[in-house]
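Written out below as structure tokens is the structure these notes cover.
The values are calculated or read from the model by the stated rules, or taken from the named source; none is laboratory data. These numbers were taken from a predicted model, which means no experiment stands behind them. Virtual Cβ from ideal backbone geometry, glycine too; neighbours counted across all protein chains shown. Just the protein is used for accessible areas: all its heavy atoms, side chains included, with ligands, DNA and RNA removed. Shrake-Rupley method; radii C 1.70, N 1.55, O 1.52, S 1.80 Å.
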Amino acid sequence: MPTGPIKEYADSDGLYGRVDTQYAEFEGITLQSGVFLGPLKVAYETYGTLSPERDNAVLILHALSGDAHVAGIDSNGRLGWWDAMIGPGKGIDTNEYFVICSNCLGGCKGTTGPPSINPATGKPYGRSFPLITMGDMVDVQAMLVRHLGIEKLHSVIGGSMGGMQALEWAVRYPDAVRCAVVIAATARLSPQGIAFNWVGRNAIYCDPAAACPDEKHGHVYQKMGRGLAIARMIGHITYLSEETMEAKFGRQLRLKDMNGYSYSLGENGKEGGEFEVESYLEHQGSSFMRRFDEDSYVIITKAIDYFDLEWTYGSLVNAFKNISAKMLIMSFNSDWLYPTAMSLAIVRALMAAKKDVSFVELDLPYGHDSFLVNAGIPSLTRIVRGFLNGAR
């Protein structure tokens, strides 16, 4: 484990500058379930310049709660979620690569999802939004890539759910990907992962919240209870390591001037949270409610639950038999949600299928979210930069 500050090669500094979200519209798509979903809108952002040969495009695939704004500064002054990794001179250098990132199908940040208007009813889909799969998300991304005039991506790169999509890209579109970087991911969600998602969704299902009118658009659709906040708190625990929680919070009390514990219930029969870790989770849950949609959370976590390449193709070796991309699989030794053993299962199957695969386990203490923590970016930068340049 690192014993001191890590030298930063990059930071979240908005170096790329102002970025505007763009939109592409399509007639629709037939989902793996057989349901036709349309019309279809995809929110995306691009960075850098597409080469005349159109051979330098890198597609970034976000995790569950991410969106298209991966780097730079948006119109609200918000930094991209991987700004430390993407930009001029950074790990994914926008002086060399044309970077694309889109909001996933089923999301709530501009791409068609549960908050979108169902043309058949004139109201938001909400929980009537059809079930989707990781393959459906990738098919929509492929439509966007073709829309941008790109036949073959230099690379697809994703962490967590984005890593699942990177695998799906390599399997589903073997001739359209030169190399793939799969970070902290798995080829099939474990029963433990399914269980956490189930508890999170049940927090939403059991929420007695009332419907909230959207006065601007004249609809009533968004529920504003605490179910989504609870789901986020549960998920966030799985993203951190025990070491990180110990170092970040210990047993510190929120009110540091108090001598001893002060357990009490407020008027709503709910305790206020004495420990720093409780306050942190409360903040995470509350802020998530302001930026995410609970029905998108339901539909996306179901897609994660369904992801199982081994079941879909009979075996992982069979799933990987047509892959032509050079593969980089990365894991973190402190990740207990998608532990290294899951990455090694992917690596062994790729090797059995005689594919070009590299594997790195990074010694970082930040748990599943290590790829999003700025202190881990120097390690990621060295590895990803070298891999991308080696695949040119």
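For LYS90, which of the numbered conditions (1) in contact (Cβ under 8 Å) with a residue 12 or more places away in the chain; (2) over 30 Å from ALA375 (Cβ atoms); (3) of a type in the set (Lys, Arg) fails to hold?
Tallying (1) in contact (Cβ under 8 Å) with a residue 12 or more places away in the chain; (2) over 30 Å from ALA375 (Cβ atoms); (3) of a type in the set (Lys, Arg), LYS90 fails exactly one: (2).
Does THR111 count as at pLDDT below 95, assigned to a loop (DSSP other than H, G, I, E, B) and closer than 26 Å to TYR205 by Cβ?
In short, no.
Report yes if ALA84 is open to solvent by 10 Å² or more (accessible area, probe 1.4 Å) and assigned to a loop (DSSP other than H, G, I, E, B), otherwise no.
Here the answer is no, as ALA84 does not meet what is asked.
Condition (residue is outside any helix (DSSP H, G or I), out of contact with any Asp or Glu (no Cβ under 7 Å at 6 or more places or on another chain), small (Gly, Ala, Ser) and at pLDDT 80 or above) applied to the range 283-294: is it met by at least one residue?
no
Which condition does ASN389 not pass, out of (1) buried (at least 22 other Cβ atoms within 10 Å of the Cβ); (2) assigned to a helix (DSSP H, G or I); (3) not β-branched (Val, Ile, Thr), if it passes all the others?
Only one criterion is unmet by ASN389, namely (1).
Might you let me know whether the range 244-260 holds any residue that is open to solvent by less than 40 Å² (accessible area, probe 1.4 Å), at pLDDT 65 or above and under 13 Å from GLU294 (Cα atoms)?
No, the range 244-260 contains no residue that is open to solvent by less than 40 Å² (accessible area, probe 1.4 Å), at pLDDT 65 or above and under 13 Å from GLU294 (Cα atoms).
Which of the residues that make up the range 146-166 are over 19 Å from ARG385 (Cα atoms), open to solvent by less than 10 Å² (accessible area, probe 1.4 Å) and either assigned to a helix (DSSP H, G or I) or modelled with pLDDT under 95 (or both)?
Selection gives MET161, MET164, GLN165.
Can you pull out the residues in the range 167-188 that are assigned to a loop (DSSP other than H, G, I, E, B) and open to solvent by 10 Å² or more (accessible area, probe 1.4 Å)?
TYR173, PRO174, ASP175, ALA176
How many residues are in contact with a helix residue (DSSP H, G or I) (Cβ under 7 Å, 6 or more places away or on another chain), at negative phi and open to solvent by less than 10 Å² (accessible area, probe 1.4 Å) if we restrict to the range 101-128?
Here the count works out to 6.
Restricted to the range 33-65, and to residues that are closer than 21 Å to ARG178 by Cβ and assigned to a strand (DSSP E or B), which residue is nearest to the chain's Cα centre (by Cα)?
Here the answer is LEU61.
Would you check if VAL70 is under 26 Å from ALA303 (Cα atoms), part of a loop (DSSP other than H, G, I, E, B) and free of Cβ contacts under 8 Å to residues at least 40 places away in the same chain?
So VAL70 fits the description; yes.
Need the failing condition index for GLY77 against (1) in a loop (DSSP other than H, G, I, E, B); (2) at pLDDT 95 or above; (3) open to solvent by less than 80 Å² (accessible area, probe 1.4 Å), just the number.
The single condition GLY77 does not satisfy is (2).
Within the range 346-362, is even one residue in contact (Cβ under 8 Å) with a residue 12 or more places away in the chain, within 20 Å of the chain's Cα centre (by Cα), open to solvent by less than 20 Å² (accessible area, probe 1.4 Å) and over 22 Å from TRP81 (Cβ atoms)?
Yes: the range 346-362 contains one or more residues that are in contact (Cβ under 8 Å) with a residue 12 or more places away in the chain, within 20 Å of the chain's Cα centre (by Cα), open to solvent by less than 20 Å² (accessible area, probe 1.4 Å) and over 22 Å from TRP81 (Cβ atoms).
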